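See structure below.
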Amino acid sequence: MSDVNLFDVDPNWDEGDPEGYNAGYLRVGPLIGAENLGISVYELPPGQSICPYHYEYGFDEWLIVLVGAPILRSPDGEQELRPWDLAFFPDGAEGAHKVFNRTDTPVRVAILSNKGQPSAAVYPDSAKVGVWPEDKIFRLADAVDYFDGEV
């Protein structure tokens, strides 16, 4: 058995992330040999978010607040969370969410989810959909008929 302390892990930082979305992260599952469940730790400096408001198809997600007081945006509005609060984001539009830090101290959260491929996420604010593993994001307005280009 492998173990990892979620308070002790050092997150990775992507240099290309735009202002407002500069969050550190570490995918913990591979460190402990997990294959069907994933957990990632995110560290949000003041003024930063994990990612844009979105929801998943095919995945349930759980948010666990470790440190700080993040703001959770969901279909029900915004609410401030505190350490050890737990939020659940079900598959589909009712699970839409965004986590951000409006405080002046870092926030650390963990997100647990089932894993699988392919996956899709919808971004309602920008009317986009992302598809993985293709790593492609499309505008919903570009949708075509099922048989477009086939007949």
Checking PHE138, PHE88, PHE100 against a Gaussian network model of the chain (alpha-carbon springs below 10 Å), the top fluctuating residue turns out to be PHE138
Quick one: which of 143-151, 127-135, 9-17 comes out on top by average Cβ neighbours within 10 Å, and what's the full order, highest first? 127-135, 9-17, 143-151
Report in % the part of the accessible area of segment 2-61 that belongs to carbon and sulfur, leaving out ligands and nucleic acids; probe 1.4 Å. 47 percent
Could you work out the mean projected area of the convex hull around the alpha carbons of segment 1-66, in square nanometres to one decimal? 5.5 nm²
Pull out the extension gain between ALA143 and ASN22, defined as 0.36 nm times the separation in residues minus the alpha carbon to alpha carbon distance; nm, one decimal. 40.5 nm
Return the distance in nm (one decimal) between the two label points of a simple spin-label model at ARG82 and ILE32, each offset 7 Å from Cα along Cα→Cβ. 2.6 nm
Label-point separation in nm, ASP91 to CYS51, each point 7 Å along Cα→Cβ: 1.7 nm
In segment 53-111, if every C-alpha pair distance is counted and binned at 5 Å from zero, what percent goes to each bin? 4, 21, 31, 24, 14, 5, 1
If each DSSP helix of 4+ residues adds -39,500 (n - 2.57) and the sum is divided by the residues in the chain, what number results at 222 nm, nearest 500 deg cm²/dmol? -500 deg cm²/dmol
Under-5 Å amide H pairs with PHE59, H placed in peptide plane, nonlocal only: GLY92
Among [x] 28, 19, 15; [y] 28, 24, 16; [z] 29, 15, 13, the entry derived from the coordinates for semi-axes √(5λ) of the Cα gyration tensor in Å: [x]
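Keeping every protein chain present and rolling a 1.4 Å probe, give me the accessible area per residue for the chain in Å². Please list the in-between numbers first.
Working: 9320 Å² over 151 residues.
Value returned for the chain: 62 Å² of accessible area per residue.
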From the Cα centre of segment 120-151 to that of segment 5-37, the distance in Å is 27 Å
So if each residue of separation counts as 0.36 nm, and I subtract the Cα-Cα distance between ASP125 and THR105, what length gain in nm does that give? 4.5 nm
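The values are calculated or read from the model by the stated rules, or taken from the named source; none is laboratory data. Just so you know, these numbers come straight off a predicted model, no measurement behind them. Every residue, glycine as well, gets a Cβ built from its backbone with ideal geometry; the counts of neighbours run over all protein chains shown. These accessible areas exclude ligands, DNA and RNA; they are computed on the full protein's heavy atoms, side chains included. Shrake-Rupley method; radii C 1.70, N 1.55, O 1.52, S 1.80 Å.
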